[in-house]
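Here the structure comes first, spelled out in structure tokens, and everything after it is commentary.
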Amino acid sequence: MVAANGLWFTVLGIASCVAFIFMSFGDVRITYYQEPELAFIERNGTQFTVDGRAFYINGWNSFWLMDHAADGDRKPRVGAMLQAGAKMGMTVCRTWAFNDGTYNALQISPGQFDERVFKALDYVISEARQHGVRLLLSLVNNLQAYGGKTQYVKWAWEEGIGLSSSNDSFFFDPSIKRYFKNYIKTMLTRRNTITGFEYRNDPTIFAWELINEPRCMSDPSGDTLQDWIVEMSAFVKSIDKNHLLTVGLEGFYGPKNPKRLTVNPENWASTFGSDFVRNSKISDVDFASVHIYPDHWIHDREFKDKLAFVSKWMLSHTEDGHYELNKPVLFTEYGLSNLNKDFHYSQRDQFYKTIADIIYKSAKRNRSGAGALIWQFFVEGMEEFNDDFGIVPWERPSTYKLLTEQSCRLARIKGVIQQNRNLKELCLERQ
């Protein structure tokens, strides 16, 4: 009996120790990564919504986040940029979820991925979540930067299975389309090593963008690109029904659209094989995307003429969103070059304000203008990555004030300030 009691106390002591260890260290495991509460962004007609409220977007582009997160010495810039954007009340950042066959490549070759770089994207998404910022993730580039469709065509050609060496074969070659579908599936089903979420189940991701600025100049009728968008948008939706999807268009009107003559910047804009209305009408495309670059598109014109073009361009597309598409229109890039011969920084403020005012008026009227994303933001010390559009937003107080005020006035339209900690801190003190 004494021996039995001794054994019982020994077992009880071990069990108590195990329970103590679990309670102590189990709490550490459970609370190590505390997820902020987030709901998926949805669409109701021409409006983005979250938790049943309209969601208007003042945001920015920082394409470089994954690339920098993959390098230890540059990684701190990621958190610094997301924190800065959040403090400005900005709710969406557009960034690249691709890097094909180049330095810090995510996809080294078709179907072969660098886990180190994928973990960098995991980090970008987890950092965005912690700062209350949503991400618009683009899946491939029409341009050659970071690989793009050129790299896919090169891979197929090197393997001896490509139909053509033309970059446009990206849109019609069955082998290349299989490459890209495999990439999409890998991306959407990726399980984040930090948060534990599969990407398709993570509401931090605001939406997917099929391709940045698609052009298929070998078929100006637009049929080739249209077929590709139909096929790829359906494939995305077959895997991920949680997230919104857009194409990534610049917004040009195609050769059969009467607006090609009255709204397009110049005649060349209708020759790229894309058409804003036709491409955006596809059922699996949830919202329309448009870019705004008047100084690259309109030549030998004064600044006031460029501003007039911006107003006409935006109003045309928001009207299309309301009357033709019944979908939100998001201006996913806008920028003014500092290489213009008459450039002055005050022009950028006028340019930004023109865009902000049109978005605000559209939102006030419950129309389709859902927001705009500035191209592009950097933090200090990144001059080598900058282009003629990029800014460090806090370096010019007038610009910083204009952008933060836009965040607040959009948030006040439907009273969403209380639902976002960054907007609450920024906007309530401004009332």
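The values are calculated or read from the model by the stated rules, or taken from the named source; none is laboratory data. Every value quoted in this text rests on a predicted model; they were computed, and no experiment measured them. FYI the Cβ positions are ideal-geometry reconstructions off the backbone, even for glycines, and counts take in every protein chain you see. The area values use the complete protein model at the heavy-atom level, side chains included, leaving out ligands, DNA and RNA. Shrake-Rupley method; radii C 1.70, N 1.55, O 1.52, S 1.80 Å.
Descriptive notes on the structure:
- Once all protein chains are placed together, PHE63 keeps about 30 Å² accessible to a 1.4 angstrom probe.
- In Hz, Karplus ³J(HN,Hα) per residue of segment 323-332 (6.51, -1.76, 1.60; θ = phi - 60°; x = Gly, Pro): 8, 9, 9, 6, 9, x, 10, 10, 7, 7
- Most to least accessible of ASP73, ASP342, ASP67 (protein chains only, probe 1.4 Å): ASP73, ASP342, ASP67
- Trypsin sites (Lys or Arg not before Pro) restricted to DSSP loop in segment 146-243 with at most 15 other C-beta within 10 Å: LYS241
- Solvent-accessible ranking of PHE385, PHE180, PHE172, largest area first, probe 1.4 Å: PHE172, PHE385, PHE180
- MRE, 222 nm, helices only [DSSP H, n ≥ 4, -39500 (n - 2.57), over the chain, to nearest 500]: -13500 deg cm²/dmol
- Model label sites at THR262 and GLU395, defined 7 Å from Cα along the beta-carbon direction, differ in position by 4.2 nm.
- Neighbours of THR150, meaning other residues whose beta-carbon lies under 12 angstrom from its beta-carbon, give a summed charge of 0 when Lys and Arg score +1 and Asp and Glu score -1.
- Counted residue by residue at 0.36 nm each, then reduced by the alpha carbon distance between them, the extension gain from HIS344 to GLU324 reaches 3.4 nm.
- Bridges between two residues of segment 39-169, per DSSP, are antiparallel at a rate of about 45%.
- Centre separation in Å (Cα based) which lies between segment 168-198 and segment 246-319: 28 Å
- With every protein chain in place, segment 107-179: carbon and sulfur % of accessible area (1.4 Å): 50 percent
- Beta bridge orientation in the chain: antiparallel %, DSSP, nearest 5: 20 percent
- Annotation: amide H-H contacts under 5 Å for PHE272 (H modelled 1.01 Å from N, sequence separation of 5 or more, or interchain): none.
- Around the amide H of PHE113, modelled in the peptide plane, lie the amide H atoms of ILE108, all under 5 Å away and 5 or more residues distant in sequence or on another chain.
- Packing-based ranking, highest mean first, of 392-405, 361-374 given that Cβ atoms within 10 Å are counted: 361-374, 392-405
- Accessible surface of segment 326-383, 1.4 Å probe: 49 percent of it comes from carbon and sulfur atoms.
- Summing charges over neighbours of GLY251, with a neighbour being any other residue whose Cβ is under 11 Å away from its Cβ, gives -4 when K and R count +1 and D and E count -1.
- In this simple spin-label approximation, SER218 and LEU38 carry label points 7 Å from Cα along the Cα→Cβ vector, and these lie 3.8 nm apart.
- Residues whose amide H lies under 5 Å from that of ILE57, counting only those 5 or more places away or on a different chain, are GLY371, ALA372; hydrogens are built 1.01 Å from N in the peptide plane.
- Taken along the Cα-to-beta-carbon direction at a fixed 7 Å, the label points for ASP388 and VAL230 span 3.9 nm.
- DSSP-assigned coil residues among GluC sites (Glu not before Pro) in segment 279-358, each with at most 10 further Cβ atoms within 10 Å: GLU302
- Among THR246, THR354, THR262, THR102, the sequence by solvent-accessible area, most first, with a 1.4 Å probe is THR262, THR102, THR354, THR246.
- In sequence order, calculated HN-Hα J values of segment 335-340 (Karplus, 6.51, -1.76, 1.60; Hz; x Gly/Pro): x, 10, 6, 8, 9, 4
- With protein chains left intact and a 1.4 Å probe, residues in the chain average 43 Å² of accessible area per residue.
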